[in-house]
Structure formats: C-alpha cells, structure tokens
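Written below as structure tokens is the structure these notes are about.
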Amino acid sequence: MSNESITVAPAVNNVLDIEAIRSDFPILNRLVKGYPLIYLDNAATSQKPAAVIDALVYYYTQLNANVHRGIHTLAEEATAAFEATRDAIRQFVNAAHREEIIYTKGTTEGINLVAYTWGRQNLQKGDEVIISGMEHHSNIVPWQIVCEEKNAVLKVIPVNDKGELEMEVYEQLLSDRTKLVSVVHVSNAMGTINPVKTIIDKAHAKGALVLIDGAQSSMHLDIDVQALDCDFFALSAHKMFGPTGAGALYGKKHILEAMPVFNGGGEMIKEVTFEKTSYNELPYKFEAGTPNIADFVAFKPAIEYINALGKANIRKHEDALLSYATQRIKELDGVHIIGEAKEKASVLSFVIDGVHPQDVGILLDNKGIAVRTGHHCAEPLMNRFCIPGTIRASFAVYNTLEEVDKLAEALKKAIGLLR
C-alpha cells in the first residue's frame, strides 16, 4: 500500500472519557527523551492507576502486618484486606467458590503449580499433554519438564499463516492418552483470541483436563470459568492495572483438593510433627510462607477499576485502536503484520523488510514511544514464521488514536533512516 493512502481516524469511544482515564495514571504525565510518553507495551505490563498506587501506600502506612497469624488489630485488618481481594477475583472470573482461587506470583507460577503437582501425580509413561504453537515460554517449559520426567508425550497444535490454531489438527491430536490440554486464551505475540470453549469441550469429550493461560485475556475479555468449564485458569495482576508479583490460579475445587501440595512451609500446614505433617484446607494448602500481602491488597482496586470502566467499553475502545493502528501500519512500505487472525485483541505485531526490530525500537524510544521488540518469550512461534522477532505495539484503554498517529509517523521516519 502506498504512503499516499489516507486513513481517516474512526470516531472516538463515546462511552468512556479517555482523557479522564488518562489522568488516573500518573506515569502518563512524564516525558521520555523530551517527548510525552506514549506507552504501547501493555502486553508486557500495564500502567497503574492512582487507586492502586494509593492502596500500596495505605497498606504500608496503615495496615502493615503479617496475615492469618496475629490477633492484634493490624494483623486482623491486614488479613481482611488481603482476603477481600480473593473475593474480588472470585467474582471477576465467576468461580463458584472462593477456595478455588489460589494466590500465586502470576500466571507463570500458576501454570508451574499445576504442572508440578497435578502433572507429577497424574501423568504416566505414554500419556499426552497438548499445548499450542503460539504459547508463551511459561506454558511450554513446565510441560516439557514434567513430560520428560514422566516419559509423557508433549504434542503441539500448529498455527496457520494468519496466526490461528489449526483446529482440525487439534481434533486429530486428541486421543485416549490425552490427559491435559494447556493453551493460551489470547496470544501475547499476535493478539489472536483462541476458541477456548471449543478446545475445552473437545478435550473434555476425551476425558482430558484443560488449563487456560489467561495472562493476556483477563484485561480484555469477559472471563467466566463456569461457563467455559475450564479446569484451571491462570492470570497475572500486573497485566490488569495491578502490581507485579501477584496473580491467581483458578481450579475446580474437587481437582484442587485431590492435588498434592506445591511448596512446603508455614500457612500451608494444619499440624506438624517430626513424624508427619497434615496440610491446610484450600486455598491455603498451596500458599506456603508469608505472601506478597501489599500487592494483593492493591490488586483489588485494580479489579474494581476494570469493573467500573466495564469490559465491553474497554474492548470497544481497544478494538478501535487496533483497527486504526492496523490500517496505519499497512500504509507503510515493507511492513508485514504477523498475526491477522479473524478474532484479535489489542496486539499489533509486525516486521519491516530489511530492518531489525531492535533498531526500530530504539528509534521509537527516542521519540518517547515504548513498544516491545524481540521474540516476546514465544521463540517457537517466531520460528514458525521464520523471523527472529517482531515489533509489537499493544494497547490499553488509556491509549488514544492520536498516539497511533504518532506511532505511524515515527515508524515512517525510522524506516527512512534505517534503509
């Protein structure tokens, strides 16, 4: 497409006040290299609204105490605030029971928890685990480790040229030996929204369990674990305006109850003698040691912030940004989008003929524009497309069409300099 093409910006979201939303995020006021920050690396981590930052300060200035242990006022108030987030997460994903919400450090730890406990308990020689060709390393490596340990077989659903899963091949991969399917809901590298309900139903028909990596979907899509009927769902707070180092694993109660413990230590025990230890009830049997209290307390206002904006409103705005950005990027000579699935969410990944992604990233940063370059912790997917990496712009509700225009203009200049 020629550079002379004219793309008209679509109408702005008339439900959300984007400028008011932007004012909730203090970091968006700063300059980078002398330019106003344009933050387009939201798939890596989202920025934090003042409500989350304030909650962190409030915790350390008013509540700081260990949880579940003391009987003094601070301990009881800290415990109440800490546990309130569990209820908020339960409602956010529509879990049936609060005991089904296990606190983790994030999606990666949630997947590792399932691999190392359920996997070691249930996988036998010759059993099969299915993942997909667009997984983040965090949903590849844990299964490689446990499959190698148990002499199980790891199968991979291939990805087509559009960046979609080849579902007919998935059906062929399923067998009576399939014990678990673990797939990403939304690709962090391409934005593809996978048909997880279909994946779950077909896996269950074979008697296999299903884990959904919800790191990228939790912010953008409605999550209803009961309607999905998934067996596990892992998410990260920092992708949802919340703090880093906090996340959750949802698991069906009867499955979690049958799983062995993960880490040993305080909190996860009921009684300890030198002869034998009995373990705590859900969810605490999986939460050894003093947890990341402050960040879980601050996770609740992040969830409340998303709920107040409304997922449908967020999605509408992000879809408009993605659609407009896709048009603008396609106007640039030599630019190829990686991942043009029919169903996408807020991620635009692309390569430029004759230009290394990292060089583009540096030039964009010189204009105050933050994008991610590289393999995005999805090296097998990059190998599938025979590329070392991509330039990835990922959008959040606080981004604007004007920022998309500045990205396109900066890219045009960068291409001119680098060729």
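Computed from the coordinates by the stated procedures, all read-outs in this text should not be read as laboratory data. Because the structure is predicted, anything quoted here is derived from the model rather than measured. Here the Cβ positions follow ideal geometry from the backbone for every residue, glycine too, while neighbour counts run over all protein chains shown.
Each residue of the range 91-103 in turn: what ³J(HN,Hα) in whole Hz from Karplus with 6.51, -1.76, 1.60 and θ = phi - 60°, glycine and Pro shown as x?
Per-residue couplings from phi come out as 5, 4, 9, 6, 6, 6, 9, 5, 5, 7, 9, 9, 6 Hz.
Over the Cα atoms of the chain, what Rg and Dmax result, in angstrom?
22.3, 78
Going through the cross-link list Lys48/Lys311; Lys125/Lys202; Lys239/Lys276; Lys197/Lys239; Lys239/Lys342; Lys239/Lys367, which pairs have a Cα-Cα distance over 29 Å in this structure? Can you show the working numbers first?
Values: Lys48/Lys311 17 Å; Lys125/Lys202 23 Å; Lys239/Lys276 40 Å; Lys197/Lys239 22 Å; Lys239/Lys342 23 Å; Lys239/Lys367 24 Å.
Violating the 29 Å limit, Cα to Cα: Lys239/Lys276.
Find how many whole Å separate the alpha carbon centroid of the range 354-419 from the alpha carbon centroid of the range 144-179.
For the range 144-179 versus the range 354-419, the Cα centre distance is 31 Å.
Please compute the length gained on full extension between Glu19 and Arg177, using 0.36 nm multiplied by the number of residues separating them and subtracting their Cα-Cα distance.
Extending this stretch completely gives an extra 51.6 nm.
Of Arg69, Arg177, Arg98, which has the largest mean-square fluctuation in a 10 Å C-alpha GNM of the chain?
It is Arg69.
Give me the distance in nm between label points sitting 7 Å out from Cα along the Cα-to-Cβ direction at Lys270 and Glu402, one decimal.
Calculated label separation equals 6.0 nm.
Just to be sure I understand the model, the point goes 7 Å from the Cα along the line to the Cβ. What's the resulting Ile337 to Glu257 distance in nm?
4.8
By how many degrees, between 0 and 90 and to the nearest 10, does the Cα long axis of helix 401-418 differ from the longest principal axis of the chain?
The two axes meet at around 70 degrees.
How much of the DSSP beta bridge set in the chain is antiparallel, as a percent to the nearest 5?
Working: 28 of 47 bridges.
Approximately 60 percent, going by the DSSP bridge assignments.
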